[in-house]
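Colleague: Take this structure first; my questions come after.
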Amino acid sequence: MNFVLTLSKPDQLRIIQFYQNYQQPSPSEHIRFFAKTDLVTITMYHSGKVMFQGEDAEQEYHMWEVMFGVTTTTPQTEQKPVFNDYFYPSIGSDEVGTGDVFGPITVCAAYLPQDMVHYIQTLGIDDSKKLKDEKILEIGELIKDKIPYSLLTLHNEKYNELVRQGFNLNKMKAYMHNKAILHVLKKINGTPDVIMDQFAEENLYYRYLVQEQEVYRKITFLTKAESKYASVALASIIARYAFLKHFDILIKETGYPLVKGAGAQVDTVLARIIKEKGEGFLTSFTKCNFKNIDKATEILKND
Ligand code: MN
């Protein structure tokens, strides 16, 4: 089935820019732009009509319909309300563990309801990035049964498999954020604003989700959102809390003094593990596409 949009000049340009890496020679003089990915063919006519064909045509069409709908018919101020209060009741979404060689990726969408604002104010979470691990564990323990949230964990066994299948990190994150947001919305009444700590451009975020059945689209994307809104700080704290708990278990299970982050200390531990157990032992608790593995192999060569 074909899906057709008729677009203004600026919107035509957005389509061209978006698919320029997939551009192919125009098959006809009536066709202004022609592009083909594995799953969709895009044909733009000089009239401004754009046709989507192929397996992903419908999703691709809907993605643009939504994007152009948002930018052309809704005033910016309505789409992105200015929440002028740090404790603005809302759902925040954030992730942890993407920069850590060891340990899983955890994504959390957390809801700060109006009636919890006063309590949360007493916790001192205004700058969650600066909170030490002990403080995270302490606050995590306090809030985990008090506020509604959804937490998703991607263990490294699965992460490594997805990398092998060609998934990039942002696509994995987009899947998890979308699922966490949908889950938490099902747990609560109403539809509060959703604020996400931005890890990708908005259009890319939705692009990563084109194959998903259900995509939540009323999201405000902000960089450094965990220091702008308590709801995002709470999501970040719960995600970190879960990460730390998993990390402790991995240390016990493997018997190795695993280190957070991706620094030189990680290389040293990796080298020791590879030497004693072989590289295959890493798969279940290590992000095997990090450069640290090569550095560790280098260390062993020079041993
Ligand atoms: Mn973040």
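The values are calculated or read from the model by the stated rules, or taken from the named source; none is laboratory data. Computed from a predicted model, the values in this text were never measured in an experiment. FYI the Cβ positions are ideal-geometry reconstructions off the backbone, even for glycines, and counts take in every protein chain you see. Surface accessibility is based on the protein's heavy atoms, side chains included, excluding ligands, DNA and RNA. Shrake-Rupley method; radii C 1.70, N 1.55, O 1.52, S 1.80 Å.
Colleague: Would you be able to say whether some residue in the range 114-127 is within 16 Å of the ligand (Cβ to nearest atom), modelled with pLDDT under 95 and not aliphatic (A, V, I, L, M)?
Modeller: Within the range 114-127 (the criterion being within 16 Å of the ligand (Cβ to nearest atom), modelled with pLDDT under 95 and not aliphatic (A, V, I, L, M)), the answer is yes, since at least one residue qualifies.
Colleague: Name every residue in the range 1-22 that is of a type outside the set (A, V, I, L, M, F, W, C) and within 27 Å of the chain's Cα centre (by Cα), in order of residue number.
Modeller: Result: 11, 14, 17, 19, 20, 21, 22.
Colleague: Here is a further query. Is it the case that residue 243 is modelled with pLDDT of 95 or more and within 13 Å of the ligand (Cβ to nearest atom)?
Modeller: Yes.
Colleague: Tell me, which residue of the range 187-218 that is β-branched (Val, Ile, Thr) and open to solvent by 10 Å² or more (accessible area, probe 1.4 Å) is nearest to the ligand (Cβ to nearest atom)?
Modeller: The qualifying residue nearest to the ligand (Cβ to nearest atom) is 215.
Colleague: Something else now. Please name all residue pairs, on different chains or six or more residues apart, with Cβ atoms under 6 Å, provided the first residue is in the range 86-105 and is within 30 Å of residue 285 (Cα to Cα) and assigned to a strand (DSSP E or B) and the second residue is open to solvent by 30 Å² or more (accessible area, probe 1.4 Å) and of a type outside the set (Phe, Trp, Tyr).
Modeller: From residues that are within 30 Å of residue 285 (Cα to Cα) and assigned to a strand (DSSP E or B), the pairs are 96/240; 105/98.
Colleague: When both residues are 6+ apart or on different chains and their Cβ atoms are under 6 Å apart, which pairs have a first residue that lies in the range 222-241 and is more than 17 Å from residue 97 (Cβ to Cβ), and a second that is within 10 Å of the ligand (Cβ to nearest atom) and of a type in the set (Val, Ile, Thr)?
Modeller: Listed by first residue and then by second, the contacts come to 225/232.
Colleague: Among (1) touching a residue at least 24 places away in the same chain (Cβ under 8 Å); (2) assigned to a helix (DSSP H, G or I); (3) under 30 Å from residue 112 (Cα atoms), where does residue 217 come up short?
Modeller: Looking at each condition in turn, residue 217 falls short on (2).
Colleague: Step by step: first the residues of the range 144-170, then only those that are farther than 25 Å from residue 229 by Cβ and without any contact (Cβ under 8 Å) to a residue 60 or more places away in the chain, then the one that is most open to solvent (accessible area, probe 1.4 Å). Which residue is that?
Modeller: Step by step, filter the range 144-170, then rank; the result is 164.
Colleague: Restrict the check to the range 88-95 and report whether at least one residue is touching a His at 6+ places or on another chain (Cβ under 6 Å) and either modelled with pLDDT of 95 or more or within 15 Å of the ligand (Cβ to nearest atom) (or both).
Modeller: yes
Colleague: May I pose another question? Output the residue which, of all residues in the range 116-143 that are open to solvent by less than 60 Å² (accessible area, probe 1.4 Å) and in a loop (DSSP other than H, G, I, E, B), is farthest from residue 91 (Cα to Cα).
Modeller: Only one residue fits best here, namely 131.
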